[in-house]
Structure formats: structure tokens, C-alpha cells
Amino acid sequence: MIKILSSPTYTEEVLMKVWNEDNPEHEYIPRKDRSYLISYARKAPLYQIAIDEEKNGKVIGYIGLIEYDTFFVGGGIRVADEYQDNDKLRVGVKLIEARQEKINTANKPIIQEINTKTMPVEKFMQVWERYGWLRNPITSIRGIPNEVLEDYKKSNNQFLVYSPDADAFGKAWSIISPLRLIDILPLME
């Protein structure tokens, strides 16, 4: 059975220790040492973790959140190889939903750079868009300083933004826009 541990959250140091013990073939590298990350994302996150209770609580996934005064920055998501692409277990989905709950409870927007190495970028972006995330927004987002948004734009990487108080139309559009028109038409009648 898969269980998400959200409270208490885990520091990067604790996560690195347990992840590396349980997943030695995919060593966790501290975010401060990842030069490819934008500066806002190199701060040590707090993590929620997924464990497999049937394997003595083996850590099989994590998702991070970096908190600033008025906004969050995504702190990465990782699912152990043998648990990826398993529609029955849905480890990644459970991690995303646990973090979404924290974001919505705090009522702060979040921005995250896309650096996926385990799935095509387009597919990865579509997963987040289903939860109301906006792709590469060009306008300001309340709570995220303009200089932060500008730095993400300059990074030349894809990024996503989510705001718990975004207008309903923007969220709805981000959810349905990846769908084909033929899929949406029956819903419009």
C-alpha cells in the first residue's frame, strides 16, 4: 500500500538520507549543487514523501515545496523507477494532490521550472495543466514578484504557475485546452 507522508514535512537533509538509502541507484543531489536550476529553486525545500508500506516503508517518491514570503517555488518531484507509469498505484498523482492541498491551504501562488528527465516535457506540462496550472504566463501573478517571473522567463526553460485564487476561466481553460475540440464539443451542448 502506498502512503503519502505530509506532516511533518521532511527537510532536504533527511530526505536525501532516506532516499539514498532506499534508492542508491538514483542518488539525491542537494538542490544548491544543481547549477541548472534557477536561483529561487536552489533553496532547500520541505518535502512530502511517498512510501511503500508493503516494503517496510521504503521511500518511493517525493515532492518539494520552497516557501518565500508571498509565494512558493516548486521543489521537484521524483518517483522511483519501478513505480513510474503504474496507473494502479498513481504515486506521482498522489504526491501532486498532496502538495496541491498544501498550496491551496496556504493560499499562495507557486511557480516551477520544468526539468523533467523521466517523461517528455509536453506530457509533463499537461499533467500539471489538469490541476489548473498555467504554462509560461506572460502577465503578472498576484503574490509572485515581477522580478521572479521575469527571471523565469529569461531562463529559456518551460515553467508553470498556479494560483489558488486565479480566476475560474483561466483555470478551466488550462484544464481543457490540452483536449481536442472533438472531445469538448459534447460537453458544450
> Any residue at all in segment 157-169 that is of a type in the set (Asp, Glu), modelled with pLDDT under 90 and not in a loop (DSSP other than H, G, I, E, B)?
Replying inline: no
>> Anything in segment 1-54 that is surrounded by fewer than 18 Cβ atoms within 10 Å (Cβ to Cβ), polar (S, T, N, Q), touching a residue at least 24 places away in the same chain (Cβ under 8 Å) and more than 20 Å from Ile114 (Cβ to Cβ)? List them, or say none.
In response: Ser6, Thr9, Thr11
>> Return the pair list, or none, for Cβ contacts closer than 6 Å from residues in segment 58-72 that are in contact (Cβ under 8 Å) with a residue 60 or more places away in the chain and on the phi < 0 side of the Ramachandran plot to residues that are small (Gly, Ala, Ser) and not in a strand (DSSP E or B), at least 6 apart or on different chains.
In response: Thr70/Gly143; Phe71/Gly143
> What is the one condition in (1) buried (at least 17 other Cβ atoms within 10 Å of the Cβ); (2) closer than 27 Å to Ser7 by Cβ; (3) not charged (D, E, K, R) that Leu134 does not satisfy?
Replying inline: (2)
>> Given the options Gly76, Gly92, name the one that is without any contact (Cβ under 8 Å) to a residue 40 or more places away in the chain and under 17 Å from the mean Cα position of the chain (by Cα).
In response: Gly92
>> Quick test of your reading of the structure: Asp87 fulfils all but one of (1) of a type in the set (D, E, K, R); (2) modelled with pLDDT under 95; (3) touching a strand residue (DSSP E or B) at 6+ places or on another chain (Cβ under 6 Å). Name the failing condition by number.
In response: (3)
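Given the residues Glu13, Glu25, which is the only one that is part of a helix (DSSP H, G or I) and of a type outside the set (A, V, I, L, M, F, W, C)? Outline the logic, then answer.
Values: Glu25 fails: part of a helix (DSSP H, G or I).
None of the others qualify; the one that does is Glu13.
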> Out of segment 1-44, which residues are of a type in the set (Ser, Thr, Tyr) and closer than 22 Å to Ile110 by Cβ?
Replying inline: Ser6, Ser7, Thr9, Tyr10, Thr11, Tyr28, Tyr36, Ser39, Tyr40
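The values are calculated or read from the model by the stated rules, or taken from the named source; none is laboratory data. All values reported here derive from a predicted model rather than from experimental measurement. No Cβ is skipped: glycine too gets one built from the backbone with ideal geometry, and neighbour counts run over all protein chains shown.
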